[in-house]
Structures are given as C-alpha cells and as structure tokens.
1. For region 91-112, enumerate the residues that are open to solvent by 30 Å² or more (accessible area, probe 1.4 Å) and in contact with a Phe, Trp or Tyr (Cβ under 6 Å, 6 or more places away or on another chain).
2. Here are 86, 11: which of them is under 21 Å from residue 112 (Cα atoms) and of a type in the set (Val, Ile, Thr)?
3. List the pairs whose first member sits in region 218-236 and is hydroxyl-bearing (Ser, Thr, Tyr), whose second member is open to solvent by less than 20 Å² (accessible area, probe 1.4 Å), and whose Cβ atoms are under 8 Å apart, counting only residues at least 6 apart or on separate chains?
4. Find all pairs meeting these conditions: Cβ atoms under 6 angstrom apart; at least six residues apart or on different chains; first residue within region 46-58 and touching a residue at least 12 places away in the same chain (Cβ under 8 Å); second residue part of a helix (DSSP H, G or I) and open to solvent by less than 30 Å² (accessible area, probe 1.4 Å).
5. Check residue 60 against each of (1) surrounded by fewer than 16 Cβ atoms within 10 Å (Cβ to Cβ); (2) at negative phi and name the one condition it does not meet.
6. How many of the residues making up region 297-307 are under 12 Å from the mean Cα position of the chain (by Cα) and in a helix (DSSP H, G or I)?
7. Among 312, 288, 250, 237, which is surrounded by 22 or more Cβ atoms within 10 Å (Cβ to Cβ), at negative phi and of a type outside the set (Asp, Glu)?
Amino acid sequence: MDKEILRSVLVDYQIEIPRHKVIPRNFRIEEFGNYVFVGIRRAGKSYLLYQRIQQLLASGIGWDEILYMNFEDERIENMSVQDLNVLLEIHMEMYGKRPILFLDEIQNIDGWEKFARRLADSKYRVYITGSNAKMLSKEIQSTLGGRYIAVDVFPYSFEEFLTANNVKISPTTLYGTETRAEVLRMFNDYFSFGGFPEGSSLASKRDYLSSVYQKIYLGDIAARHSIDNTFALKVMFKKIAESVMQPLSFSRLANIITSTGVKVGKSTLINYIEYSKDAWLINQITNFAGKLVDKETNPKYYFTDNGILNLFLINNNAALLENLVAISLLRKYGREDAVFFYNDGVEVDFYIPEAAMAIQVSYTISDKETYEREVKALIKLSNFIECKRLVIITRDEEQTITNDEKIIEVIPVWKWLLAE
C-alpha cells in the first residue's frame, strides 16, 4: 500500500471529523478501556468514534495522539493486514508519538484480529467498529481474547431520536399541551420510520430506508456469502416480516417460501437466517419455557429497526408496536439470552429474567376480550414464575389494573420508551 496515499487519507480525516455535528449518545466509555462497537450498518457506529475523538480534542489531546481510519474508504480498497502496521509507522514518522487508534469497519481487512490483539497487548488504546459476522458480540471475547469490551450499537432510542430532532425532555414536558403534542408527533415518525441516525431528519425517509435495506440485503448478506438466489432471500424477509409476532420454525418458513414458487432447502434457509442475524438485520428471541431444540428451531424474529420492517408491511401497526418493544428490550438487556417470550400453557410476549418482568404488547385493550386475555396471561404466568413487574404496553392507553392482589401497569409505548 502506497504510504503517501495512506498519509493523505489520515490527514483528510483529521480535517473532516471535527466538522461533523455529532448528537451525543448514551454510551459510557471507560477512560482506559479498549472497545469494539458492533451493530447494523448505518446505526451510528462511526459517529460514536467521532464523538469520542471530539471529546479527546476538546480535552486538549491533539491529532498527534489520535489515528482514525475508515476501512470502507475506496482509496484503500486494496489494503491488506500487512499494511495495518504501516499506519503506525506513518503516524510515528509524522508525530513521533503512540496514537489512540480508531479503526472503523475493520472487518473489511482479512486477518485484522491478530493486529487488534497485538495492539491491546502492546498497551495501545483502541476503538474498533464492525458490522458483520466476524464482529458479533458473542464472538468478540474469544476472537480478541478478552482484551476488548464489546458494545452493541442499535439505531437511535426514542430519547436519542428526540434529541437529534431538537426536542428536549424535562420533568414537565409530558404535562404541557404543546410540548406533549410535539413528543407525540415525533413518536409517530419514530414508530413508522425507525431510528437510523442519518434518516432521522430526512424528508424522504422511505427512500433512505430502502437504500439501507438494499445495501444490507445485497451487500452484507448476499454478496458477502455468495448467494445467487437473491429472490429467495427477498421472499424470506417478506415472510418473516409478516410473521413478526409469531414463533416461526425453519420448516414452516421453508414451506411458506416454497409455496410462492421459490425453491429453497431447509439447510439453505437456516444459513440465510444466520447470515441475516450476523448482519444485524433480524434478531432472534426464543421461548423461555422451551426445550433446547424448540428454542433453536421455533423462535420469534424481529427487525433491528421499525423503519426496515415497515418497508414490508401495509397497515400492520400491531406488528410495528411489538417489534419496537422487542428492539427496545434487546437494546437495554442484550441480544444474547436476555430477552425471551413465554409459551407453555400460557402465552406472554416478553419475559426478562434479569428484571423478573413480564410484558404483553397490545395495540389496544379497549375491547373486553382483549383486556381479559392479556390480564389473564400475566396473572397466570406470575403464579408460577418470578414476576416483580407486570406490564401491558399499548399504543395510547394508560391505567393501573389490580387483579388478584397483583398490579399490572398499562402504559403507552412512547411513555414506556422514555421511562426505560
């Protein structure tokens, strides 16, 4: 790799990064930790690096102690793992100091793991981002030998979305007529179009979301895994979206897809699902009460952002509501074995063991049948499993239900999101 090209790229970023307007996000960074930020494409991982760099610059640390490189830059598309150390050489030639390293989308360099381990062993401070299978949180500790802290990065939470749109939340915001109306107006946008940072302020949100989806579906999944049958992949996502509130087995999904005239084997479909999870397009939640085989073969799937899910749906607000709750829980408690549904004699949408919390999601409980079904399920579950908190999340309704000496909170989703 030509050193002069690398030198030019490094200097260009030194000029560019301070110019970015960064919306601060709620991530706590330890001063001397090494971090790997993982998540779906366009979730704002690069901006987290920019945020940290701007913090360091504001504290008096200069570019002579900071090195940033984005490995999706077309000027370095031929870069190899051997060239990574050249970055350190160039920085030392320019400044004579050891830098804090910010390595953006480093998974594009085959063999990056050994370089990252060596940096940590040599006591460099390092921040890394990535978007694909090699960067999954569950694999980071084994890949990097416990030298890095893995942080899951989702698109904006509702609170972050409000901040990005200059809506300030205070203890009185939800009581004032105008301020409450503004929060609800913004929530309608967030509910339908999700929280991708770059799309939060765009007028043509659907076009933006479609371009992000195409990049993930065709680039991060199909191209990266050499999938020729992209139509089968497209149909799979459509069917998952239509079934987002129900457990969906591999066999049933394969049968549904085959019924459309698309031939796809069960083992191939399983691979497609894993690739999609690795790219963070979809997330899997398993049955807390299920046996091992059932957990793995009959889960529920949720899309990482409501905006992408909404590309597939027509007037299915119930699915958007449950998907939004699922992603908010995964953001808070983690993607791996932290959030479940419960289905064994009683059906409950979400159970979080860490918080001993059971949640039902219902667009409305205004009709008697729905009310009784949701309340009965929570009460029944709480009779044989620890439930410190019982919640029904609705679109707009709010009340407190006392039943059999147990309290059930009924709370509108937008208020629940801000409380969480």
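The values are calculated or read from the model by the stated rules, or taken from the named source; none is laboratory data. All figures in this text were calculated on a predicted structure; none of them were measured in a lab. Neighbour counts run over all protein chains shown; Cβ positions are idealised from the backbone, glycine included. Just the protein is used for accessible areas: all its heavy atoms, side chains included, with ligands, DNA and RNA removed. Shrake-Rupley method; radii C 1.70, N 1.55, O 1.52, S 1.80 Å.
1. Once the filter is applied, which keeps residues that are open to solvent by 30 Å² or more (accessible area, probe 1.4 Å) and in contact with a Phe, Trp or Tyr (Cβ under 6 Å, 6 or more places away or on another chain), region 91-112 yields only 108.
2. 86
3. The qualifying pairs are 230/217; 230/222.
4. Close Cβ pairs satisfying both conditions: 50/17; 53/17.
5. Every condition holds for residue 60 apart from (2).
6. Within region 297-307, residues that are under 12 Å from the mean Cα position of the chain (by Cα) and in a helix (DSSP H, G or I) number 1.
7. Working: 312 fails: surrounded by 22 or more Cβ atoms within 10 Å (Cβ to Cβ); 288 fails: surrounded by 22 or more Cβ atoms within 10 Å (Cβ to Cβ); 250 fails: surrounded by 22 or more Cβ atoms within 10 Å (Cβ to Cβ).
None of the others qualify; the one that does is 237.
Residues are listed down the side, and each one gets a yes or a no for (1) out of contact with any helix residue (DSSP H, G or I) (no Cβ under 9 Å at 6 or more places or on another chain); (2) under 19 Å from residue 245 (Cβ atoms):
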site	(1), (2)
326	yes, yes
336	no, no
352	no, yes
355	no, no
382	yes, no
386	no, no
393	no, yes
